[in-house]
Amino acid sequence: MVRRMPAGPTRAVLATAVVGALALAGCSGGSGGSGSGGGEGKDRLVFGITADPTQTIPWLSTSTQSIQVLSQVYSTLLNSGDNLETVAGLADLPEVSEDGLTYTFKLKDGVKFANGSALDSTDVKYTFDTIMNPETKATSASYFASVASVDAPDPKTVVVKLKSPDASFTTALANVNTSIVPSDVPVESLTTTPVGSGPYVWDTRTPNQSITLKVNPDYYQGRPGYQSLQFRILGDEKAMVSALQSGAVDMAIFDNPVTAKTATSGKVKVTPVDQLSYHVLQLRADAPALKDVNVRLAIQCAIDRKQVLDTAALGAGEVTGPITSPAYKSNPDARPCPTRDVAKAKDYLAKAGKSGGVSINLITSQGLYSTAVNEAQNIQAQLKEAGIDVKLETLDSDGYVQRWLKGDFDSAIALNGGSTDPNTMYARYFTSKGSFNKVAGYRSDALDKLFADGIATRDENARKVIYTQVSKELEDNAVWIWTYTGKLFVATSTGTSGFKARTGADLGTLWKAAPAK
Amino acid sequence: MTALLSLWRNTFVRRVLEAALTLVGVSVLTFAVLRVLPGDQITASYGIEAGALSPDQLASLRAYYGIDRPLVAQYFSWLGGVLTGNLGVATQSQQDVLDMTLRALPITMELAVLSIVVALLLGVPGGLLAASRAGALRDNGSQLLSLLALSVPTFLVATALSSWLANRFGYNPNGEEFATLLRDPALNLQQMALPALTLGVSIAAPVFQTTRASVLAIRDEDYIRTARAKGVPPRRLQARHVLRNALIPVVTISGLQFGFLLGGAVVIEQIFSIPGIGRQVLLGMTQKEYAVVQSTVLVIAVLFVLVNLLTDVVYRLVDPQARAQ
Amino acid sequence: MSATTTAVGVPARAPRGGALRAALLRPAGVVGLLLGAVVLVLAVMGIFGLTPYDPAKQDVTQSLVGPSGQHWFGTDQFGRDVFSRVCSGLANSLRIAVVSVGISGVLGILIGVLAGYYGGWVDRVVGVLTNVLFAFPSLLLALALAATLDRSWVTVSIAIATVYLPIFARVARAPVLRLRHVDYVTASTAIGRPRLSTLFAHVVPNMWGILLVQVTLSLSWSILTEAALSFLGFGTPPPAASLGGMVYDAQTISAVAPWMLAFPGLAIVVFVVGLNLLGDALRSTLDPRSGGRR
């Protein structure tokens, strides 16, 4: 995955919620630069998004839309391949010392920023140092937690020293949040005019209407297929479908299978792709009602995950275990009660001394992503049959985020971001020092040790064994109830070709998109 | 003479004072509503990643957004800015709220004017027609139509209509970049057509009802009966007496509706991606852009007060009774 | 404050002798009563749980079944019976409409009448306060309230009530101002009746017509407002059925299951049309000018 998605309820994965997607402000922003032949000039690719990117500094960006736009303006030190493996980017894959503590990167020749200055090792050092500086308030600082120092011995070489081995470190460098920024441009001015070395160059922005980029003919991977690329903000998915049908928009990504189906036509091709992010019923073992592992196991057994998937997402997705990273994927059948077993759920309740039933609250959000409320309703109905009474609280997105961050809930419906590296996915939740451990509400010595071991070695096979253990630990204790991974639907007009949709629907290959012959 | 003058001045001063109080009230209400809403600028821009920030980072972010100061201080520093012409800055896009508002306002005004025009074109003739023979087929028929216009959730019809046009005919002006009236009038009017029609139809209903009701009521008034008895020709009677007086409430209700529309037709602006003032506020609310919401709502309130005053003036001009008071 | 003298002199063209009968003889009245009756029956079924299925009961083996003898309005993706949900949604909408219009009507009329009657500073304070609520974008006020308080149908009702309160206050105030100077009121005060008693004996009853118009309008508006709030994601929270919420949920899925959008949408229209027609008929009956005309 080009981006390591923030492992938490992702902000509006192209949320269907109308409220999330808004536009303001009037007329042109002096849009002289857009496609020469007016709107129909097909040297311009229009990509539809449903919300204005909130952030334009790579290390501060969390919204899907920000990441999409910035991935076209900036480049990262490493990239993701078609199977989400880490491959060379601005630099070749690093040489790693025997002890796993020193990473040496060689930068590609002749890469330039949009402002004409050469991209060299001082820029890389500057970027990483800035991210690690607490004053910067970078959310991506955690990716560099194990970094001791970054050095630039010569213009083409970057040397990163780690405090302790961290096998998940290189994954972070393919993340849009660690994109390289120029050291000679003040950060404040990057807020209004990003300067990067990506396939397209920031041109104009009309807030809440559009962001227009123009081609970067010197892009280091090759010449992008369009003269300009415009991200256009439309009200909601319905408006987006209409815009695709009328040809006003060339590409868009949906998370709703029905919307995807309505968008499909002779003029629009829709490609479903998998997602690393997972739908989950977060339980808080810290909450008094769920302290007893037997109660959690009862919930585990009372839920038919396929049913959740069918009712909430109309079957578009797969039942999942905790880890979704392709190389470390958990087996969804390796868990207590892989199929629903209400009798067993009642047994567990009896074991907990709660045969009379249990009552818990469940928070869900309307507005963060389209399936949340439906998942909650189905889970509520399923648990009821096992004697577990669920008090459903539907919150607006900010209310939900606030309650979630405070850990003020027994259980929560969440869509959490996945990653190609399982440590990135879960260390923040399930290690006792993790920044979201309070939210996750569960910790154990066993897990602490497993996660520590997991990043201490770079040996793939050894890591696979460790993360299978992690998975087992999480499922056997019914820490959370993992339900399913959904699909994303990449809609592309038949007038454009070359883009390769891959897991997570990142825009890493968007630069290859060109008018169809 | 002097007494009259002082009385006028008195009324005038009172009016201005009331308007000012209204605006203060609106600004306090907006301010309070924003602080009571769950979440703040930090959770709005970082989402759940706010949880990954250290306490130091959080503190410095609060200082950056100016939400670390006491509420009263926050309010007055914002108000002070507004009084000196500084409406504040949107923290995320670094845009001046004044600029944003100056761009969004003409768009909303255009939409409001077009909608009112549609409403008057449908409502007034309809009302006159219905009143011309109360109880007749045309009366019942047009009443039924207006009932339907009142009863159908217009936003549903609007979405259905626009997606049908797009799917069937590939016609979808609102999918294009928004064009202002000055830049591309042809495209602009196409983009405004459906939203204005949708809003216009729903406003036409009260306009229709009011027209019909007041024509009927006025025809019963003594002076009309007297005029009729005196043999004033029906046409002249209709034009000079009935119409003129019947339209007074229509003016009032149109003014009121216009005032509401200036507040931004949030749902319609949302559905049709019209970058008007309503969306600016709604967006500000979801992004917790306090300055944007506070200043924009204040601007809306100022307009509302102005429209009210204007309606009043027009009302006084057409209604001799009110003028006399 | 000029505003809303508009409704003064509302039609009331019923011929002498039994306005209700007259109203019922008109096709609109008949249709309105019929629609109203249908809606009321369905809503009552919803309130007392007399629906063919439990509206919250899920049965995934029956998901997304089209309208049939078993499920008249089809089922949703959870296999819930849409007809039963429409019934309970109607009940919910009716409840919200009545409560919100009740709150805003009673408070608004009281405030408006007192302001109009006492005039002076009372009037001015009320004027400023209603203006504040007027000038504040109404849907945003409702959104803010719905987002702040714990979400339930009560919150939604309060939010809608807040929006309509100033309208009632204004509508009630205007005629009081006018009636205050009408001869019989002046006379009544002159012969020594206390002012408040005069107010309620003469002024208030004379306003029924106007207020009824406002009540019927507000009832139907509040149903549409609830739908609009739901459309923006701030309506009655699930799993409780609400017409607006059902429409909101069905928006995307309607491409494969049009009945999920059609029936709740139709229910809203029928409900509001029925209410308006019924209001028309009622208005003709109760309007003192039509009843008492010689």
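The values are calculated or read from the model by the stated rules, or taken from the named source; none is laboratory data. Worth saying up front: this structure is predicted, and the values here are computed from it rather than measured. Virtual Cβ from ideal backbone geometry, glycine too; neighbours counted across all protein chains shown.
Just one of the numbered conditions (1) of a type outside the set (S, T, N, Q); (2) crowded, with 21+ Cβ neighbours inside 10 Å; (3) part of a helix (DSSP H, G or I) is not true of A:Ala412; which one? Result: A:Ala412 fails condition (3) only.
Condition test on B:Ala59, is it outside the structural domain of B:Leu256 (by TED's automatic domain parsing), more than 30 Å from A:Ser365 (Cα to Cα) and among the hydrophobic types (A, V, I, L, M, F, W, C)? Answer is no for this residue.
Exactly one residue out of A:Asp286, A:Asp250 is more than 23 Å from A:Leu405 (Cα to Cα) and acidic (Asp, Glu): that is A:Asp250.
Here A:Pro199 fits the description: within 28 Å of A:Lys106 (Cβ to Cβ) and out of contact with any strand residue (DSSP E or B) (no Cβ under 7 Å at 6 or more places or on another chain).
Looking only at segment B:172-199, residues that are within 15 Å of B:Glu269 (Cβ to Cβ), of a type in the set (Gly, Ala, Ser) and in contact with a helix residue (DSSP H, G or I) (Cβ under 7 Å, 6 or more places away or on another chain) come to 1 in all. Answer yes or no: is there a residue in segment A:329-348 that is outside any loop (DSSP other than H, G, I, E, B) and under 25 Å from the mean Cα position of the chain (by Cα). Within segment A:329-348, none of the residues are outside any loop (DSSP other than H, G, I, E, B) and under 25 Å from the mean Cα position of the chain (by Cα).
Within segment A:384-405, the set of residues being buried (at least 24 other Cβ atoms within 10 Å of the Cβ) and either more than 27 Å from the chain's Cα centre (by Cα) or more than 9 Å from every other protein chain (Cβ to nearest Cβ) (or both) comprises A:Ile388 only.
Between A:Gly495, A:Gly418, A:Gly508, A:Gly434, the distinction of being of a type in the set (Gly, Ala, Ser), within 14 Å of another protein chain (Cβ to nearest Cβ) and touching a helix residue (DSSP H, G or I) at 6+ places or on another chain (Cβ under 8 Å) belongs to A:Gly434 only. Residues in segment B:68-103 that are more than 14 Å from every other protein chain (Cβ to nearest Cβ) and surrounded by 15 or more Cβ atoms within 10 Å (Cβ to Cβ): B:Gln74, B:Tyr75, B:Trp78, B:Leu79, B:Gly81, B:Val82, B:Asn86, B:Gly88. Among the residues making up segment C:53-63, a single one is in contact (Cβ under 8 Å) with a residue 24 or more places away in the chain, crowded, with 18+ Cβ neighbours inside 10 Å and within 11 Å of chain A (Cβ to nearest Cβ): C:Ala56.
All conditions in (1) within 26 Å of B:Thr286 (Cα to Cα); (2) modelled with pLDDT of 85 or more hold for B:Gln190, with the sole exception of (1).
The condition (being assigned to a helix (DSSP H, G or I), out of contact with any helix residue (DSSP H, G or I) (no Cβ under 8 Å at 6 or more places or on another chain), modelled with pLDDT under 75 and not acidic (Asp, Glu)) is satisfied by just one residue among B:Arg219, B:Arg225: B:Arg225. Within segment A:213-249, being part of a strand (DSSP E or B), polar (S, T, N, Q) and surrounded by 24 or more Cβ atoms within 10 Å (Cβ to Cβ) holds for one residue alone: A:Gln230.
Under 30 Å from A:Ala327 (Cα atoms) and of a type in the set (S, T, N, Q) - does that describe any residue in segment A:248-260? The answer is yes; a qualifying residue exists. Could you count how many residues in segment A:358-376 are of a type outside the set (S, T, N, Q) and in a strand (DSSP E or B)? Matching residues across segment A:358-376 total 4.
Given the conditions (1) within 14 Å of chain A (Cβ to nearest Cβ); (2) assigned to a helix (DSSP H, G or I); (3) closer than 29 Å to C:Ala262 by Cβ, report the number of the one that B:Ile107 does not fulfil. Against the list (1) within 14 Å of chain A (Cβ to nearest Cβ); (2) assigned to a helix (DSSP H, G or I); (3) closer than 29 Å to C:Ala262 by Cβ, B:Ile107 comes up short only on (3). Restricting attention to segment A:132-162, the residues that are without any contact (Cβ under 8 Å) to a residue 40 or more places away in the chain, within 21 Å of A:Thr457 (Cα to Cα) and not in a strand (DSSP E or B) add up to 2. Here is a check on your reading of the model: is A:Val319 touching a helix residue (DSSP H, G or I) at 6+ places or on another chain (Cβ under 9 Å), within 21 Å of A:Leu488 (Cβ to Cβ) and of a type in the set (A, V, I, L, M)? The answer is yes for A:Val319.
Within segment A:384-408, the set of residues being assigned to a strand (DSSP E or B) and aliphatic (A, V, I, L, M) comprises A:Ile388, A:Val390, A:Leu392, A:Leu395.
May I ask you to list the residues in segment A:322-380 that are among the aromatic types (Phe, Trp, Tyr) and within 19 Å of A:Tyr484 (Cα to Cα)? A:Tyr328, A:Tyr369 - these are the residues of segment A:322-380 that are among the aromatic types (Phe, Trp, Tyr) and within 19 Å of A:Tyr484 (Cα to Cα). Summed over segment B:163-219, residues that are under 26 Å from B:Ser151 (Cβ atoms) and within 11 Å of chain C (Cβ to nearest Cβ) total 14. When residues in segment A:54-74 are screened for being modelled with pLDDT under 85 and closer than 25 Å to B:Ala179 by Cβ, 0 of them pass. Checked against the criterion of being modelled with pLDDT under 90 and of a type outside the set (S, T, N, Q), the candidates A:Lys464, A:Lys472, A:Lys449, A:Lys433 yield just one match: A:Lys433.
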